[in-house]
Structures are given as C-alpha cells and as structure tokens.
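Report on one structure; see the data block that follows.
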C-alpha cells in the first residue's frame, strides 16, 4: 500500500523508534500523523498531532480512539522491558510487560479497527529466550502470536510484524553492544508496509534466530 495520503497513529511516539516512525510517515506523505504518548507534552516533532494514550489504560485507549476516528495505519510501537527472569523475577513486573506488550497492543487494535494496515514492533526475542529478559521475551512471543492471529481475523487489513535485534534507543541505552540505527529500522519497516510485506526482518542476527527455529531446542 502507498503511505502517501494516509492517516497514521504511532504509539510511543515521543522518543526512539516511535519518533522516527512519526517523522518518516510525514516524509512519505502521510496527511496526518497522530503521535501518541502517555504525556503528549513530550511530543516535540513538528507537523504531528499529539495524542494522549496509555495503552495499558482502557479509558485512555477509548478516549484516543474517539479522537482518532480517521486512522488508516496503526503503528504499535509502545512497549516496555523490565529485565525480569521468569522463575525468580518480580511477578508484578513480568505481568506489566505482558500487560503492555501483549494486552496493550491488542487493546489498541480492537479500539481502532477497521484499518488498512497495522504494523506491530516485535523483537528478535519473540523467537529467543534470554536470561535477564525472559519476561520480556515471553511477552514478545505472545505479541508474535497476536500478530499472526489478527492477520487471520482481519483479512482485509495488511498486518505486518517488525522483528529486530538491539537498536540504538533509550530502551537499550545501558547496553554497550552493537546496535541497529533506528532510522534504518523504521525505513525498512515502512518499505515493508509499502510492499505489502507480512514480516520485516531488520538485521542479520534476527534473520539467523528465525531460521534456527526449525532446529532442535538443545542447539539454540
């Protein structure tokens, strides 16, 4: 689909990937971009429409949906990582990861359909467990399944999953490791929407992890 002339809503648009999504959608000719955040005062990108949205709050989602009635394209970018293990981590924090990354994403989709396109920002950890972030990985595995499920339930909507490894955003600020350029990740994701792709694999590490799903678990 062509993003020129569309109306888009980006969750978590005040920083990181979300801000890049909002900016690049405008560059591609989107007529209107709702830049959503818990605190819309943190939105500083010219040309967007700031929108208060807390995806974990049903009333906030309903209010945002009542304002953004003209949305064609939804970018589900908002998410959290609280660095919890499953066995000995804080159960409330693990629940918060699932509430945001799975239920929050689903809540926004349900509030805004029908749509022409949905892009869910997933993760390499949708397919890979990682000690120190297994709660996040479980929530992203659930979001992967959510993405595939709503694609079946919304046959007239393009539903695209974006999968990426470590990317240079605030979420990864404390990690001294190689990172993707967020602008390049977003460019690939929007190219994917415009080419009707069902999945966008943003980097080689993520491509390798997906390919390894067909192998024995002991080899992962």
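Below are the figures for this structure:
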{"quantity": "Complete set of residues in segment 118-140 that are assigned to a loop (DSSP other than H, G, I, E, B) and in contact with a helix residue (DSSP H, G or I) (Cβ under 8 Å, 6 or more places away or on another chain)", "calculated": "122, 123, 127, 128, 129, 130, 133"}
{"quantity": "Candidates 29, 89, 47, 18, filtered to the one that is touching a residue at least 12 places away in the same chain (Cβ under 8 Å), under 19 Å from residue 192 (Cα atoms) and more than 18 Å from the chain's Cα centre (by Cα)", "calculated": "29"}
{"quantity": "Residue match in segment 174-186 (condition: more than 28 Å from residue 66 (Cβ to Cβ), surrounded by fewer than 21 Cβ atoms within 10 Å (Cβ to Cβ) and at pLDDT 95 or above)", "calculated": "no"}
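The values are calculated or read from the model by the stated rules, or taken from the named source; none is laboratory data. Only a predicted model underlies this, so the values are computations on that prediction, with no experimental measurement involved. Glycine gets a Cβ as well: all are built from the backbone with ideal geometry, and neighbour counts include every protein chain shown.
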